[in-house]
1. Quick check on region 379-397. Is at least one of its residues within 24 Å of residue 443 (Cβ to Cβ) and hydroxyl-bearing (Ser, Thr, Tyr)?
2. In the set 378, 386, which member is at pLDDT 95 or above, within 15 Å of ligand 1 (Cβ to nearest atom), closer than 15 Å to residue 339 by Cβ and assigned to a helix (DSSP H, G or I)?
3. Could you please find all residues in region 391-429 being within 11 Å of ligand 1 (Cβ to nearest atom) and assigned to a loop (DSSP other than H, G, I, E, B)?
4. Return the residues of region 395-416 that are of a type outside the set (A, V, I, L, M, F, W, C) and more than 16 Å from ligand 2 (Cβ to nearest atom); say none if nothing qualifies.
5. Consider residue 459 against the criteria (1) open to solvent by 40 Å² or more (accessible area, probe 1.4 Å); (2) of a type in the set (Gly, Ala, Ser); (3) away from ligand 1 (no atom under 11 Å from the Cβ); (4) touching a residue at least 12 places away in the same chain (Cβ under 8 Å): it satisfies all of them except one. Which criterion is unmet?
6. Applying the selection to region 441-456, what residues are surrounded by fewer than 19 Cβ atoms within 10 Å (Cβ to Cβ) and either in contact (Cβ under 8 Å) with a residue 12 or more places away in the chain or charged (D, E, K, R) (or both)?
7. Just to be sure, is residue 419 more than 16 Å from ligand 2 (Cβ to nearest atom), modelled with pLDDT under 95, surrounded by fewer than 15 Cβ atoms within 10 Å (Cβ to Cβ) and of a type outside the set (Lys, Arg)?
8. Go through (1) under 23 Å from residue 323 (Cα atoms); (2) at pLDDT 90 or above one by one and return the number of the condition residue 407 breaks.
Amino acid sequence: VRGRVWGLLGAAQSEGAEDLLALHAGALDELAAHLDGIAERAPLLWESERSKADLEGGLDATMRRLDETNLQLIRRAREVRTLHEVTDAVSRNPAQTGVLEAIVSIVARSLEADLAAFLLLDDATGELVTQPGAFGLANDEGSLYRISLSNEQSSSVRVFKTGEPFLTADAQNDPKVIAHYARLWRCHSVLAVPLAVEGRRIGVLRVGSFKKNYFTSEHVDFVSLIAEEAAVLVEGAMLSRRLAESNRRLAEMNRIKDDFVSTVSHEFKTPLTSILGFLSVIIDGDSGPLNDEQKRFLGIVRGSAQRLSGLVSDILDLSKLEGGMEMEAVSLDLGALARRAIEECDWKAAEKGVKLTLEASEQLPNVSGSERWLGVVVENLLTNAVKFSRQGGTVALRLAHKGEGVQVSVADAGIGIPEADQARIFEKFFRASNRDATGAPGTGLGLAICRHIVNRHGGRIWFESEEGRGTTFHFVVPTAKAGEPAGRPPAATRRVETHGG
Ligand SMILES: Nc1ncnc2c1ncn2[C@@H]1O[C@H](COP(=O)(O)OP(=O)(O)OP(=O)(O)O)[C@@H](O)[C@H]1O
Ligand SMILES: [Mg+2]
């Protein structure tokens, strides 16, 4: 064929028929030529037969592979969807309430299981505890059982201890399961997988079906995967549940403490007021003459009683401020308030030979605030400035309209605040290391109270100070809004007794 020999066609004859070959030689030639024609096409035919069979076999294999891939894809998609649903349920629920419920119900629905529950370790008792909100279980004491980690009969305990999943086709007739609980849950097929966070086991996820032989090893893989992904969320939910509980207890304890502080302070106030009242009567000589020494001693008693009374007032104020009490706001003339504060502080300043000055720009706008509480701020700042001034110094109180508010500044040329102490100066009970330089008494509550009050007004308080050279405290409070009710005309005194030195 096409110049190539592809085979031989032979003929032979038996003895005594010599001429037969010669006779048929032409026919043989013809036959060979015919065969050549067939032979030319034959390999193609064989080839196509073979490739048809190959193709069919290949197609079968591909179809089988496609089927498998499809199944895997479907399974994977289901897993991804379930995981997505789980995380979605958690993210839509930042308060973390109901997270465990959401997860078990998603797991149960995606497996078409009848029951699903988390059993989590209670460190305090060493028990696995069925969590409320289990899927398919009544939320009653009987269903939500606890099981001790020492009970090796329990498949959940074994799963927890070994970290290996457990699968049974008929829990009610399986000696490896406590049949009592299986019957309680009315389930036959049970699947349990461990829950671990960074290798630390926190509990077990249990899924059950009323049908026998329900779960397969594929389910085991699937639930294990969910457990792996959900463990962190579950632990988060459990911790936040515990945190909420301890927060509630702390808030309760704090309320009791606040009640205690305010009751005790009130109980202190009443007798102190009567002590101070009667002391004044005696010192003023209204109950009979006193010699000089008696007067001096009683003066010391009065000073101490006043300090005690001031301290009690500060503690009461702070407990009210920390407790978030209501603070009325009216339209207020800070200039008038400042003048009154200076009058009240003047005698204290005079004792030390300190001069008080007031500078206020013309036409200050009113501010929005509480007269009583802003009065406390100005009084505290003035008292501090006098207290930490040297004999014969000057304290300047300045008021100025600044942008949206009125700024009050109290400047002294006293001992100043050491740089190292400046960051903590507004903390309660904090007093600077050089405070004894002037022998000034105090508790370290004044500035903490000031900061609370100014913040509650939506304002700001700050200071500049240089040790040995002086200090200026500033605070700013917002101007009054149009139509805000006006405050009462300035009252005489806010506090009967004054304190501090
Ligand atoms: N004008 C000031 N100059 C220097 N130091 C100051 C000045 N004002 C405050 N301080 C420092 O800040 C500390 C805290 O002040 P704060 O008013 O809170 O407490 P206190 O005056 O010591 O006591 P209290 O006000 O409770 O009677 C003071 O002890 C003092 O060390
Ligand atoms: Mg003070």
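The values are calculated or read from the model by the stated rules, or taken from the named source; none is laboratory data. Since the structure is predicted, the reported quantities are computational estimates derived from the model, not experimental observations. Backbone-built Cβ (ideal geometry, glycine too); neighbour counts: all protein chains shown. Accessible surface areas use protein heavy atoms only, side chains included; no ligands, DNA or RNA. Shrake-Rupley method; radii C 1.70, N 1.55, O 1.52, S 1.80 Å.
1. Scanning region 379-397 turns up at least one residue that is within 24 Å of residue 443 (Cβ to Cβ) and hydroxyl-bearing (Ser, Thr, Tyr).
2. Result: 378 is the single residue among 378, 386 that is at pLDDT 95 or above, within 15 Å of ligand 1 (Cβ to nearest atom), closer than 15 Å to residue 339 by Cβ and assigned to a helix (DSSP H, G or I).
3. The initial filter retains those residues of region 391-429 that are within 11 Å of ligand 1 (Cβ to nearest atom), namely 393, 395, 410-418, 421-422, 424-429.
Matches in region 391-429: 393, 413, 414, 415, 416, 417, 418, 425, 426, 427, 428, 429.
4. Answer for region 395-416, where residues must be of a type outside the set (A, V, I, L, M, F, W, C) and more than 16 Å from ligand 2 (Cβ to nearest atom): 398, 401, 402, 403, 404, 405, 407, 409.
5. Result: residue 459 passes all but (1).
6. Answer for region 441-456, where residues must be surrounded by fewer than 19 Cβ atoms within 10 Å (Cβ to Cβ) and either in contact (Cβ under 8 Å) with a residue 12 or more places away in the chain or charged (D, E, K, R) (or both): 441, 443, 444, 456.
7. So residue 419 fails the test.
8. All conditions pass for residue 407, except number (1).
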